[in-house]
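Only one structure is covered here, and it is reproduced in the block below.
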Amino acid sequence: MTPATARRTLQSPLVPANPSPFNPGSLLSVDNLSLEALSRVLERATALTRQDPLERTRLLAKRKVALLFYESSTRTRTSFELAAKALGCDTTLVSSLSSSIEKGESLKDTGLTLRALGAEAIILRHNASGAPWLLEQHTKLPVLNAGDGMHDHPTQALLDLRTMLTHLRKGSTDMGPDVLKGVTVTITGDILHSRVARSNMLLLPRLGAEVVLCGPKELLPDLAATTGPGIRIERDFEAALRQSQVVMMLRIQAERLAGLQLDLEDYKRGFQLTQERLHTFAPQAIVLHPGPIIRGLELTGEVADGPQSAILEQISNGVAIRMAVVERALNGGRA
Amino acid sequence: MSALVIRNGHLIDPAAGVDAPKDILLKDGKVAEIAGPGKLKHPDGAESIDAAGLVVAPGLIDIHVHLREPGQGYKETIASGTAAAAAGGFTAVAAMPNTTPVNDTVDVTRWMQAPERGASVRVFPIAAATRGSKGEAINDFAALKSAGAVAVTDDGHPILKDNIMRETLVAAARVGLSVIQHAEDTRLTHGASMNAGPTAFKLGLRGMPAEAESGLVERDIRLLTELRDSRAHLHVAHTSTAAAIAAVRQARRNGLRVTCEVAPHHFLLTDEHVGLYNTHFKMNPPLRSAADRDAMIEAILDGVVDAIATDHAPHAAHEKEVEFERAPNGITGLETALGLSLFWLHKEWKMPLGRVLSLLSAQPAAVLGLKGRGTLAVGSSADAVVFDPKAEWTYRVAKTKSKSRNTPFDGWPMQGKVQWTICEGRIAYALSS
C-alpha cells in the first residue's frame with residue numbers, strides 16, 4: 001500500500017458533537033442562540049426598555065443573580081448589575097481580588113459555593129478562554145458569559161447588533177439570514193486577542209453581513225479568516241473604510257500582548273481612525289468601539305465624540321440586551 | 001520457582017518470525033520450551049493456561065510512561081500504574097524521570113525498582129539527562145545505568161542548549177544509553193495550551209506551532225550528524241507533526257541512529273477533538289491538525305515509526321477540572337493502547353497483526369536495547385500477553401486500575417481483549433470472568 005492511497009482510503013475517528021449548553025438559560029456563546037431566539041432577545045430588549053420601571057422590577061422580584069468577575073470591568077459589570085436590578089433581582093458581586101479566589105479556591109468550588117448561597121444564575125467574566133463552559137458543567141446553573149479570555153463576549157455582540165439595527169434597519173428585531181445583507185462591518189485593531197471580534201465574527205455573517213478584518217499581521221494572523229464564512233482580511237485600512245457601513249475599532253490589549261513588541265507610532269500611521277480618514281473614506285459609516293477606548297491610540301478623541309460615533313449608544317444598549325438575557329436565563333431559556 | 005504452561009494458543013512472535021499454534025513452557029521466569037500443540041512435556045506441578053482461540057504474544061512494552069512516584073502518589077503509584085499496565089497487556093514500562101524529586105540519582109533509580117513498590121510488571125527507569133532536568137549539568141550516566149536506568153531524558157524540559165545536548169548525546173553513547181528528547185522549543189510555546197491553528201484561534205487559546213517540535217528535531221539531527229562516529233542514539237518521544245516525521249525519515253535514510261515513537265492519541269485524534277475546552281484532550285505535544293494526524297498513520301504503516309508509546313500521564317480529577325489553559329498536560333493510556341491499535345491499525349487500516357504487535361513489543365525493546373524482552377524465543381524473559389483478537393468491547397474508565405481517570409477514550413470501542421498478562425513467569429493480570 002503506498003502512502004498516498006493509504007491516506008485517501010482511511011477512515012478516522014469522528015469529532016463528536018458538543019453537549020452544550022447544559023442549561024437552556026445559559027448564554028455561553030452567540031452560537032447558542034438560534035435566529036428565532038436572537039429575534040426574541042432583541043424584541044424583549046426593546047420591550048423591557050420601554051416598560052414602566054416599577055412594573056419591571058416585579059418581573060424577577062427577589063430572584064438571586066451572582067456576578068463573578070475575574071477581570072476588571074466597568075461597562076459590562078455595571079450594565080449587567082443594573083439590568084438584573086431593573087428586573088427586580090438581588091445581585092451580589094464576587095470579584096477575584098476580594099474573595100477566596102485569592103486564597104486559591106477553584107472556579108468549580110466558587111461556583112458551587114454561589115449555588116449553595118442561592119444563586120439562580122451566574123454572570124461570569126474570566127480571563128481564561130472557556131471558563132464559562134467549565135462553570136456551567138459543574139454548577140448546572142444558567143451561566144451568562146460576560147467575556148472569557150480571548151474567546152467570546154456574546155452580550156457585546158448582541159448590543160453591537162442592536163446598535164447597528166437601530167441605525168441601519170430602523171431597529172428591526174426580526175432576524176433572518178439576510179437582515180444585514182449588503183452591510184460590511186470592518187473590525188480594526190487587535191483581533192488576535194479580542195473576544196469582541198470573535199463574537200462578532202460568529203454572529204454577523206449569520207445575518208448576511210460581511211465582516212472585514214483589518215490590522216497588522218502581529219495582531220491579525222491570516223488564519224483569522226478561517227474562523228467562519230463571510231469573513232475576509234483587508235490589510236489596507238483606507239480600502240477597508242471605503243467599503244464599510246460600520247467601523248468597529250478595537251483597543252490594543254496590552255495585558256494580553258505576552259511580550260509582543262509593537263511600534264505604536266507605526267500602528268497609528270496605519271490604523272488609527274482619524275476624523276480625516278473617516279470623513280474621506282467612510283462619511284456615512286457609524287463608528288463602534290466596545291470600550292475602554294484609548295483616545296489618541298486606536299481612534300482620536302474627535303472621532304469618539306463626533307457625529308458618526310455610536311459608542312455611548314452601545315453602552316446604553318448594553319443594559320437593554322442584558323435585561324433580556326438575564327430574563328431569559330431565569331426563565332429557563334424563554335426570553 | 002514455579003512453571004507455567006500456555007496451551008492451545010496461537011503464538012505470534014514477530015521478532016522470532018513465529019505465527020503458528022504453539023504450546024509454551026515458562027520456567028523460572030524464562031521461556032523454557034516451545035512446541036507444537038500437545039507436543040510439550042507437561043512438567044509436574046506446572047500451572048496451566050488454556051489459550052484456545054486466543055493469541056499469545058510477547059508482553060507489550062511501553063517505553064514512555066509517567067508512574068508519578070516518587071512524590072506524586074496522589075496521581076499514580078508504581079503499584080497502580082503497573083496494575084493498569086498489566087490490564088493493558090504490558091509486561092514492562094519505561095518510567096519518565098519527572099518525579100518529585102526528579103530521578104537524577106542512583107538512589108531514586110533503585111528506589112523505583114525496589115520490590116516494596118509492589119509493581120505488577122517490570123519497571124525500567126529512565127533517568128534525567130541533566131541535574132534536576134534543568135538543562136545545565138549532565139548527570140553521571142555510567143552510575144545511573146548500573147543502577148538500572150535504560151535511557152536518559154529531560155522529557156518535559158527539553159534540552160535547548162546545543163552544547164548540553166551535544167554533551168548528553170556523547171556521554172550517553174559512551175555508556176550505551178539512548179537519549180530521548182521531548183522535542184519542543186519551549187521558547188515558541190510559552191503560555192500555549194493547544195496546537196496552533198484555526199481551532200486554537202477560534203477557541204481564543206494560544207497555540208503551539210508545529211515548528212516548535214520539528215525545529216528541535218531538526219536541531220537534534222544536525223547535532224547527531226556532527227557526532228556521526230560516536231554511535232550516539234537519539235529517540236524522538238511522542239512525535240506529533242508531519243514535519244518532525246519527515247525529518248526523522250530523512251535522517252534514517254542518511255544512516256543516522258534516530259528512532260521515534262507515536263502515541264495512540266496522535267494517530268487517532270486532532271485538535272478539533274478538544275471540543276469546548278475538554279481537558280481530557282489536553283496533552284503535550286498537543287493534538288495536531290488532521291494533516292499531521294494523517295502523517296502519523298502513514299509513518300506507522302510505512303515503517304518509519306519504531307514504537308507505539310502511550311505517554312501515560314495520570315492526573316487527579318481536581319487537577320483536570322479547571323480552566324483549559326490552567327489544566328496540566330497529559331492523559332492516561334496504558335489500558336487503551338492495545339485495544340485502539342488493534343481496532344484502528346489492524347481492523348480499520350489493515351495493518352498485519354504481527355506488525356502491530358511488533359510496534360508494541362519487539363521494536364520498543366530494540367529502541368531501548370532491552371535484552372531478552374519483546375520476544376518469546378526460548379531463553380528470553382517469560383513476558384507474555386494472551387488476548388482474544390476477535391473480542392470487541394467498550395473501554396470504561398470507571399473500571400480503571402490507574403489512580404486517575406483522565407482519558408479521552410472513555411466509551412470508545414476497542415478490539416482485542418486481554419485475558420492474561422504474564423510477567424517474568426508470574427500472572428500479573430487475569431481477566432475476571
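Nothing in this text is a laboratory measurement; each read-out follows from the coordinates by a stated rule. Here the structure is a predicted model, which means the values were calculated and not measured. Using ideal geometry, Cβ is built from the backbone for each residue, glycine included, and neighbour counts are taken over all protein chains shown.
Taking θ as phi - 60° and the Karplus parameters 6.51, -1.76 and 1.60, the scalar couplings of the stretch A:191-206 work out to 5, 3, 9, 9, 6, 5, 4, 4, 5, 5, 5, 7, 7, 4, x, 5 Hz in sequence order, x denoting glycine and proline. Given +1 at the Cβ of Lys and Arg, -1 at the Cβ of Asp and Glu and no other charges, the dipole of the stretch A:275-331 around its Cα centre is 200 debye to the nearest 20. Taking the number of Cβ atoms within 10 Å of each Cβ as an exposure proxy, the fewest-first ranking of B:Trp349, B:Trp393 is B:Trp393, B:Trp349.
Looking at the stretch A:38-79, which trypsin sites (Lys or Arg not before Pro) are in a loop (DSSP not H, G, I, E or B) and have at most 14 other Cβ atoms within 10 Å?
Qualifying residues, ordered by number: A:Arg58, A:Lys62.
Taking the longest Cα principal axis of chain B as reference, the axis of helix B:242-253 is set at about 70 degrees.
Using the Karplus relation 6.51 cos²θ - 1.76 cosθ + 1.60 with θ = phi - 60°, the per-residue 3J(HN,Hα) values for the stretch A:307-319 come to x, 8, 6, 10, 5, 6, 4, 4, 5, 5, 4, x, 5 Hz, with x marking Gly and Pro. Both radii were evaluated on the Cα set of the stretch B:27-147; the Rg over Rh quotient, with Rh as the Kirkwood radius, amounts to 1.10. Here the mean projected area of the convex hull built on the C-alpha positions of the stretch B:196-275 is 5.5 nm².
D by Stokes-Einstein for the stretch A:222-335, Kirkwood Rh over Cα pairs, 4 °C, 1.567 mPa s: 80 µm²/s.
The fraction of Cα-Cα pairs per 5 angstrom bin, counted from 0 for the stretch A:142-251, comes to 2, 13, 24, 26, 20, 11, 4, 1, 0 percent, rounded to whole percents. Across chain B, the volume of the C-alpha convex hull divided among the residues equals 127 Å³ per residue. Residues whose amide H lies under 5 Å from that of A:Ser26, counting only those 5 or more places away or on a different chain, are A:Val143; hydrogens are built 1.01 Å from N in the peptide plane. If you take all other residues with their beta carbon under 10 Å from the beta carbon of B:Ala84, and give Lys and Arg +1 and Asp and Glu -1, the sum is 0. Each 10 Å bin from zero holds the following percent of Cα-Cα pairs in chain A: 6, 25, 32, 23, 11, 3, 1, 0.
Relative to one another, the C-alpha centroids of the stretch A:41-116 and the stretch B:145-217 are positioned 45 Å apart. Kirkwood's formula applied to the C-alpha pairs of the stretch B:250-319 gives a hydrodynamic radius of 13.5 angstrom.
Taking N as the residue count of the stretch B:175-317, its C-alpha radius of gyration divided by 2.2 N^0.38 Å amounts to 1.05. Taking every pair of distinct Cα atoms and averaging 1/r, then inverting, what Kirkwood hydrodynamic radius in Å comes out for the stretch A:1-119? Answer for the stretch A:1-119: a Kirkwood hydrodynamic radius of 18.2 Å. For B:Met283, nonlocal amide neighbours, meaning residues 5 or more places apart or on other chains whose placed amide H falls under 5 Å from its own, are B:Gly330. Quotient of the Cα radius of gyration of the stretch B:64-127 and 2.2 N^0.38 Å, N being its number of residues: 0.97.
Sequence-distant contacts, meaning Cα pairs under 8 Å at least 6 residues apart, place the relative contact order of chain A at 21 percent.
Comparing mean-square fluctuations of B:Asn278, B:Asn195, B:Asn98 from a GNM of chain B with C-alpha springs under 10 Å, the top value falls on B:Asn278.
Comparing A:Arg115, A:Arg322, A:Arg125 in a Gaussian network model of chain A, where Cα atoms under 10 Å apart are tied by springs, the biggest mean-square fluctuation is seen for A:Arg115. The equivalent ellipsoid that matches the C-alpha gyration tensor of the protein assembly as shown spans semi-axes of 56, 28, 23 angstrom, in descending order.
With R₀ set to 30 Å, the beta-carbon distance separating A:Arg58 from A:Ala116 gives a calculated FRET efficiency near 0.65. Projecting the Cα atoms of A:Ser99, A:Leu14, A:His193 onto the dipole axis of the protein assembly as shown, where Lys and Arg carry +1 and Asp and Glu carry -1 at the beta carbon, places A:Leu14 farthest toward the positive end. Distance between the modelled labels on B:Glu321 and B:Arg174, one decimal in nanometres: 5.1 nm (7 Å Cα→Cβ projection).
Loop-only check: which trypsin sites (Lys or Arg not before Pro) in the stretch A:199-285 are DSSP coil with at most 16 other Cβ within 10 angstrom? Write down the numbers at each step before the final one.
Values: sites: A:Arg206, A:Lys217, A:Arg232, A:Arg235, A:Arg242, A:Arg251, A:Arg256, A:Lys268, A:Arg269, A:Arg277; in loops: A:Lys217, A:Arg235, A:Arg251.
Taking the stretch A:199-285 and a limit of 16 other Cβ atoms within 10 Å, the loop trypsin sites (Lys or Arg not before Pro) found are A:Lys217, A:Arg235.
Taking amide H as placed 1.01 Å from N in the peptide plane, B:Ala3 has its amide H under 5 Å from the amide H of B:Glu47, each at least 5 places away in sequence or on another chain. Among A:Leu27, A:Leu219, A:Leu264, the residue with the largest mean-square fluctuation in a Gaussian network model of chain A, with springs joining Cα atoms closer than 10 Å, is A:Leu264.
Histogrammed with a bin width of 5 Å, the alpha carbon distances of the stretch A:199-240 distribute as 5, 25, 31, 23, 13, 2 percent, first bin at zero. Against chain B, whose longest principal axis is taken from its Cα atoms, helix B:162-175 shows a tilt of about 20°. Phi angles across the stretch B:310-318 convert, under the Karplus curve 6.51 cos²θ - 1.76 cosθ + 1.60 with θ = phi - 60°, into 3J(HN,Hα) values of 8, 6, 3, 9, x, 9, 5, 3, 5 Hz, Gly and Pro given as x. Taking trypsin sites (Lys or Arg not before Pro) across the stretch B:153-212, the ones in a DSSP loop with at most 12 further Cβ atoms lying within 10 angstrom of their Cβ are B:Lys161.
Under a model in which nothing but the beta-carbon of Lys, Arg (+1) and Asp, Glu (-1) is charged, chain A shows a dipole of about 900 debye around its Cα centre.
Look at the stretch A:125-136: the mean tally of other chain Cβ atoms within 10 Å of its residues' Cβ atoms is 5. The mean of 1/r over all pairs of different alpha-carbon atoms in the stretch B:298-421, once inverted, gives a Kirkwood hydrodynamic radius of 16.0 Å. On a per residue basis, the convex hull of the C-alpha atoms belonging to the stretch B:88-203 measures out at 143 Å³.
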